[in-house]
1. Scan the stretch 262-289 and report the pairs whose first residue is in a strand (DSSP E or B) and whose second residue is among the acidic types (Asp, Glu) and surrounded by fewer than 24 Cβ atoms within 10 Å (Cβ to Cβ), with Cβ atoms within less than 7 Å and a gap of 6+ or a chain change.
2. Within the stretch 385-395, track down each residue that is open to solvent by less than 20 Å² (accessible area, probe 1.4 Å) and outside any helix (DSSP H, G or I).
3. Considering the stretch 138-153 alone, what residues qualify as being open to solvent by 20 Å² or more (accessible area, probe 1.4 Å), closer than 24 Å to Ser182 by Cβ and either without any contact (Cβ under 8 Å) to a residue 40 or more places away in the chain or among the aliphatic types (A, V, I, L, M) (or both)?
4. Scan the stretch 126-137 residue by residue and report those that are of a type outside the set (A, V, I, L, M) and either without any contact (Cβ under 8 Å) to a residue 24 or more places away in the chain or surrounded by 20 or more Cβ atoms within 10 Å (Cβ to Cβ) (or both).
5. Kindly list, by first and then second residue, each pair from a residue in the stretch 354-382 that is hydroxyl-bearing (Ser, Thr, Tyr) to a residue that is at pLDDT 90 or above and open to solvent by 20 Å² or more (accessible area, probe 1.4 Å), limited to pairs with Cβ atoms under 7 Å and residues at least 6 apart or on different chains.
6. Output the qualifying pairs, or none if there are none: Cβ atoms under 9 angstrom, residues six or more apart or on different chains, first residue in the stretch 165-188 and more than 25 Å from Tyr466 (Cβ to Cβ) and without any contact (Cβ under 8 Å) to a residue 24 or more places away in the chain, second residue acidic (Asp, Glu) and open to solvent by 40 Å² or more (accessible area, probe 1.4 Å).
7. For the structure I just gave you, tell me whether Lys324 is within 30 Å of Glu121 (Cβ to Cβ), touching a residue at least 12 places away in the same chain (Cβ under 8 Å) and loosely packed, with under 14 Cβ neighbours inside 10 Å.
8. Identify all residues within the stretch 230-250 that are at pLDDT 85 or above and either within 16 Å of Val325 (Cβ to Cβ) or buried (at least 17 other Cβ atoms within 10 Å of the Cβ) (or both); write none if there are none.
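The values are calculated or read from the model by the stated rules, or taken from the named source; none is laboratory data. Note that the structure is a prediction, hence the values are computed from the model and not measured. FYI the Cβ positions are ideal-geometry reconstructions off the backbone, even for glycines, and counts take in every protein chain you see. Calculation scope for accessible area: heavy atoms of the full protein, side chains included, ligands and nucleic acids excluded. Shrake-Rupley method; radii C 1.70, N 1.55, O 1.52, S 1.80 Å.
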Amino acid sequence: MNERKREEENMKDSTEEKIAHEKVYVVIGWLITLVQIVIGGFSLFMVNKADLLPTKIIAILAVVLVVLIVVCRLLMKRKVKRVRFIIGVILAALMSVCLIFADGKVAELTNTLQDITDVQEETTRMGVYVLKDDAAATIQDAAGYRFGILKENARTDTDNAVAQIQEALQGSIATSEYTGISDLADALRSGDSKAIVVNEDFIDMVSEIEGYEGFSDEVKEIASYTWKSTVKKYEDDTAQNKDVFTMYISGIDTFGDISTKSRSDVNILAVVNTKTKQVLLVSTPRDYYVPLSISGGVKDKLTHAGIYGIDVSKDTLEDLYGMKVDYYFRINFSGFEQIIDALGGITVQSDYTFNVAPSFHYEKGSNQVNGIEALAFARERHAFAEGDRQRGKDQMAVITGVIQKMQTPAVLQNFSGLMQGLQGSFESDIPYETLAGLVKEQLSNGGSWNVNSYSVDGTGTKASTYSISKPVYVMIPDQTTVEKAKTMIQQVTAGEIVSAEE
């Protein structure tokens, strides 16, 4: 009797232990499910916040997550089915790890897009130059020198630089004012001023003047001063999320920091109609002889506008075409190469068969190019009778190639990696919401974009300019082509379908 009783008690204890053990695993299963729900919910929140995916895709993701969580819950429902329980735990763990990894990637993408969009600052860089054989090697060595400065052009930037020089030398400095950069160069050559203070681009601009071609080789920089300033924002409550917007694409004449004020050798207006899926590219030659927005009606080369800030370039083009430019997109030479390479190369259409030193060759028709090949293609002008006019057309051909490549599924599917690879390659003040809306629209509805291009024309001559007081090469606008460009811009804005360039 006693033995039987003990057996019954042992069986009872064992059963109770199993029940308790089962309850522990049930609790563990529910805790794992709760963690899954929290992680899944956070993932959906992150995807929704990024605002890059269409609602229907987010809904599909939500359904998939719910199904996976339910499957894991059913597998972990009872520990009695040990194998099934273990499979459920493993599946739940894998799902959670994948979601956490995806959340990190979404956060990286969002941060990257925020870094390269809505940029409203640019960098001014002013240098102090002396003759190459001058003993001065630093700004301290130039204490006691007379500094030549421009009287009017970029005067605010000059005053800022002079203030920083005085701070570095802990005292005031002697200055002499000159009307133009050739006068400034003459003063340095003659010794009337032992040093000059100018934007580094002015040194290269002197070389455009007859008799000053080698000036950049005659001088050396002994100090430089940089600071940030705010780019003027075009204020329009309807600019975001509207069907039509215009972007100024500026290719600046530098390698390195893309925020630096510099001459703009690429000046293209991209008029985008998201409703009709049309993009019109209008190229304006760098030497176009037009009044700058800050010159009080005095004409200058369009490329020189960039020295005074990207907002001056935007405003000058607005005045030329009688329109408003919503956003800017600025890229320099090094960023140009990075974008093309990040896309895995692009296809460009060439109007001619030609070569570019040292070893680049392009056939008439389609050409597959990488970053450095695309840059050489877009910069060449000496191989063509039309010179800079053809270069503008080739630059638009490169942009067209980029737009077409951006529409491919492979690029859209790797949008996150692409954007992270391009960080630092360009900057724009386009709002995050507008860029995200374009991505979402393309993923949702697909379809190809119709890209047309047009180049305004002109006649080459020599004339003095706002930035250079002596005659240099300029291009007098052909007003007929300017008017045609205006008409095409208005057509795209109105939703009309425009034909390719005649």
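1. Matching pairs, first to second residue: Asp265/Asp253; Asn273/Asp243.
2. Of everything in the stretch 385-395, just one residue is open to solvent by less than 20 Å² (accessible area, probe 1.4 Å) and outside any helix (DSSP H, G or I), namely Gly387.
3. Start the filter on the stretch 138-153 by keeping residues that are open to solvent by 20 Å² or more (accessible area, probe 1.4 Å), which leaves 138, 140-141, 143-146, 151-152.
Among the residues that remain, those that are also closer than 24 Å to Ser182 by Cβ are: 145-146, 151-152.
Across the stretch 138-153, the qualifying residues are Lys151, Glu152.
4. Residues satisfying the conditions are Gly127, Tyr129, Asp133.
5. Close Cβ pairs satisfying both conditions: Tyr362/Thr353; Ser366/Thr347; Ser366/Gln349.
6. The qualifying pairs do not exist here.
7. Details: within 30 Å of Glu121 (Cβ to Cβ): yes; touching a residue at least 12 places away in the same chain (Cβ under 8 Å): yes; loosely packed, with under 14 Cβ neighbours inside 10 Å: yes.
So Lys324 fits the description; yes.
8. Filtering the stretch 230-250 down to residues at pLDDT 85 or above leaves 243-250.
Of everything in the stretch 230-250, those that are at pLDDT 85 or above and either within 16 Å of Val325 (Cβ to Cβ) or buried (at least 17 other Cβ atoms within 10 Å of the Cβ) (or both) turn out to be Val244, Phe245, Thr246, Met247, Tyr248, Ile249, Ser250.
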